[in-house]
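The next block holds one structure in the form of structure tokens; read it before the comments.
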Amino acid sequence: MHDKILLSHGEGGKRTRDLIAKVIARYFDNPVLSPLFDSGLLGRIEGEIAFTTDGYVVTPPFFPGGDIGRLAVCGTVNDLAVCGARAVAISCGLILEEGLPTEILERALAAMRDAAREAGVTIACGDTKVVERGKGDGIFITTAGLGVAVDGWRPAPPEIRPGDRIVLTGTMGDHQVAVLIARQNLAISAPVLSDVAPLSDLLLPLLPRFAGKVRFMRDPTRGGVGVTLNEMASAANARFVLDEGRLPVRESVRGVCEILGFDPLYLANEGKAVLIVAGDAAEAIVAALREHPYGREAAIVGEVREGGAGVRMRTLAGGVRAVDYPVGDQLPRIC
Amino acid sequence: MKYIDDFRDPATARALVARIRSDAGDAPVRLMEVCGTHTVAIARGGIRPLLSGAVTMLSGPGCPVCVTPDGYIDAAIALGRERNALLASFGDMLRVPGKSSSLEKEKGAGLEVRVVYSPLDAVTLAAATPDREVVFLGVGFETTAPAIGGAIKTASVRGVRNFSVLASVRTIPEAMGVLAADPEVRIEGFLCPAHVSVVIGTDAYRPIARRYGIPCVVAGFEPLDILMGISMLLRQKKVGVARVENEYSRVATPAGNRKAQDLIRDVFAPCDTGWRGIGVIPGSGLRIADRYASFDAEKKFGHPVVYAPSVSACRCGDVLKGKILPVDCPLFGKACVPEEPYGPCMVSSEGSCAAYYRYGAR
């Protein structure tokens, strides 16, 4: 195998075959993918099917706490999980730039394999393209994900009502700050790890256990908790009121935000979920979340109130202000 | 971070609000926060509604992007278009409208604009691209001036000849003087900037307090700093004095940062300059001193920035002077929103219109 990706690796000939058989299939060795048919045959699947897709263009591809491979699997698994579905199969589309060290590709593939193993999902099919030098950024990954929904549960924004609580499963902004620091053009360093993690085992057991109590879940990736809550409030036509003092932010992340003027509310997360839950079950749901390693810092961060759609925040100073969508931040690619 | 928490304590905030309310008279006291960072902190802290009826906080001209005339944007675009200059800018400037376009729109049409986090990054960029002229868009107040000056000196020492600065640097006390003298604005107290004061020193406001009889308090940017500063202004008014007090004494000193001041004096010289919406204020600008003329983009390319008052329905000028609140502008939130800003106060993250729009309970 060559130590760098060449254009011919994407041309469909012997080198493409070599790349797939000797590199990619070695990491994704499973009964669905290994025959290398044109499709992965998944067999019969019972239950409601959820289907999602995503593209990953993060730069740099490796950052403290994660990498583009783990991100690709977790992002897809989480999009399914917040819709109440357990990921069954994921596709892996690779767009590689000519000259990419093969070792980088292998590290990303190993991370995808490990994350898929952790989430219990099969990487079922794939595709590889190589673009000319300068026409890509090393490695891009696209995925599609197929999952099976937990019986009887569906996201139900219309059921959100005053008195419901807003629950966040952990600290805000870890992923974006980790990536920003890894870019090394900010001349700051801080011990921040990306939170990238698959959330199915954290979230899905809640749905049968607290039947009828979890109304709506989202994962606050790009745009952070601030944007996600605005979208949720619009979908539910409800007013959300956050408590500034209860929003969990890691000390190191806060420090970086103070220096750079970022608001952690708008920073991306890759291992967190926002849940709107019934008021009478909120404490118990937080306690359940905290039993899982990915939910140790879960907290009730606000509540649903009467009034028009939108997001407000009770500030530490005792005032109330709007939490709106941010506009045109000059931020680099982070997922 | 525990240190910061001390300045965000809810119980202390409640006590300060109660004190402010009891010290305020029947009619709301008209105070101006001069600095855009204060404007944003007040909006983010939800402080304005907390004090409604007792204090009216007017937002001042202390947002560098907001007061930069549109002629400056036009000059920057022209340098890029006609002289093939690579423009380096703080991100905030990109969406500011010039007469007919913005840097963002031009960038979309092929103009090369790089966003940098520090003026020194622009020098580094110039050193790495010796065949291109790199023009840094040096916009700011006394806080940014030393960094711009430092970049010019660094370029001079390293002999980076393809680097220059399109300077648009302004000084705060002169603008405060103009507003203090304006009977339409009726300012009863100035909440003075934190970072600017760290550079120029709190003594810089003495002439304003003395000449116009307006209390001045330098305050930090944390919620409790702001509430404490407002409370100190009200106490001065109550006992009938007008002096300069320093709430931000943990950082700002009476004389300020001499080293930064020396750097400013070395690289810049005072000049008259135009403020968008306000007009030309004598002695309120800093131009690049003659000894560094080869780093002055205006001189290097013979392309002076022309200040001409703009004619439009946009009332940014009155907002910057504290004559109206952002919500009183007929364009606010309708024709003028952060995605499609009409005036600069809606563009900048420190602009008062943007702060009202983003954090105001609409």
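The values are calculated or read from the model by the stated rules, or taken from the named source; none is laboratory data. Worth saying up front: this structure is predicted, and the values here are computed from it rather than measured. Quick reminder, even Gly has a Cβ in these numbers, built from the backbone with ideal geometry, and neighbours come from all protein chains shown.
Here is how the numbers come out for the structure above:
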read-out	value
Residue in region A:110-122 that is outside the structural domain of residue A:278 (by TED's automatic domain parsing), at pLDDT 95 or above, part of a strand (DSSP E or B) and of a type outside the set (Phe, Trp, Tyr) present	yes
Filtered residue count, region B:172-196, keeping only those that are in contact with a Pro (Cβ under 8 Å, 6 or more places away or on another chain) and either among the basic types (Lys, Arg) or closer than 24 Å to residue B:147 by Cβ (or both)	4
Number of the exception - residue A:283 against (1) in a loop (DSSP other than H, G, I, E, B); (2) free of Cβ contacts under 8 Å to residues at least 24 places away in the same chain	(1)
Residues within region B:266-294 that are within 30 Å of residue B:315 (Cα to Cα) and assigned to a strand (DSSP E or B), tallied	15
Selection from region B:13-35 of residues that are within 14 Å of another protein chain (Cβ to nearest Cβ), touching a residue at least 24 places away in the same chain (Cβ under 8 Å) and surrounded by fewer than 18 Cβ atoms within 10 Å (Cβ to Cβ)	B:19, B:21
Residue that is nearest to the other protein chains (Cβ to nearest Cβ) [pool: residues in region B:322-362 that are of a type in the set (Lys, Arg) and under 18 Å from residue B:48 (Cα atoms)]	B:358
All positions within region B:36-64 that are under 30 Å from residue B:134 (Cα atoms) and away from every other protein chain (no Cβ under 13 Å)	B:61, B:62, B:63, B:64
Selection status of residue A:295, in contact with a strand residue (DSSP E or B) (Cβ under 8 Å, 6 or more places away or on another chain) and either under 18 Å from residue A:241 (Cβ atoms) or away from chain B (no Cβ under 14 Å) (or both)	no
Matching option when the condition is within 14 Å of chain A (Cβ to nearest Cβ), on the phi < 0 side of the Ramachandran plot and surrounded by fewer than 24 Cβ atoms within 10 Å (Cβ to Cβ), among B:228, B:232	B:228
Helices (runs of 4 or more DSSP H) contained entirely in region B:55-153, each with at least 2 residues that are at pLDDT below 95 and touching a Lys or Arg at 6+ places or on another chain (Cβ under 9 Å)	B:64-67, B:70-83, B:103-108
Residue within region A:256-263 that is in a helix (DSSP H, G or I), surrounded by 23 or more Cβ atoms within 10 Å (Cβ to Cβ) and within 12 Å of chain B (Cβ to nearest Cβ) present	yes
Failed item in (1) within 30 Å of residue A:208 (Cβ to Cβ); (2) crowded, with 20+ Cβ neighbours inside 10 Å; (3) of a type in the set (A, V, I, L, M), with residue A:130 passing the rest	(1)
Leading residue by the ranking (nearest to the other protein chains (Cβ to nearest Cβ)) among those in region A:160-189 that are of a type in the set (Lys, Arg) and assigned to a loop (DSSP other than H, G, I, E, B)	A:183
Criterion (small (Gly, Ala, Ser) and crowded, with 23+ Cβ neighbours inside 10 Å) met by exactly one of A:149, A:156, A:108	A:108
Conditions (1) facing another protein chain (nearest Cβ under 7 Å); (2) of a type outside the set (Asp, Glu); (3) assigned to a strand (DSSP E or B); (4) touching a helix residue (DSSP H, G or I) at 6+ places or on another chain (Cβ under 6 Å): number failed by residue A:317	(3)
Of residues in region A:205-232 being assigned to a loop (DSSP other than H, G, I, E, B) and among the small types (Gly, Ala, Ser), the one nearest to residue A:326 (Cα to Cα)	A:223
Members of region B:311-335 found to be buried (at least 24 other Cβ atoms within 10 Å of the Cβ), at pLDDT below 90 and either in contact with a Phe, Trp or Tyr (Cβ under 7 Å, 6 or more places away or on another chain) or of a type in the set (Gly, Ala, Ser) (or both), listed by number	B:314, B:322
Count - residues of region B:83-108 that are in contact (Cβ under 8 Å) with a residue 60 or more places away in the chain, more than 10 Å from every other protein chain (Cβ to nearest Cβ) and among the charged types (D, E, K, R)	2
Residue B:300 being in contact (Cβ under 8 Å) with a residue 12 or more places away in the chain, assigned by TED's automatic domain parsing to the domain that holds residue B:353 and buried (at least 18 other Cβ atoms within 10 Å of the Cβ)	no
Any hit, region B:292-310, residues being of a type outside the set (Asp, Glu) and under 30 Å from residue B:220 (Cβ atoms)	no
Subset tally (residues that are farther than 18 Å from residue B:317 by Cα, in contact (Cβ under 8 Å) with a residue 60 or more places away in the chain and surrounded by 24 or more Cβ atoms within 10 Å (Cβ to Cβ)) for region B:142-168	11
Options B:325, B:320; residue that is in contact with a Cys (Cβ under 7 Å, 6 or more places away or on another chain), aliphatic (A, V, I, L, M), in contact (Cβ under 8 Å) with a residue 12 or more places away in the chain and not assigned by TED's automatic domain parsing to the domain that holds residue B:67	B:320
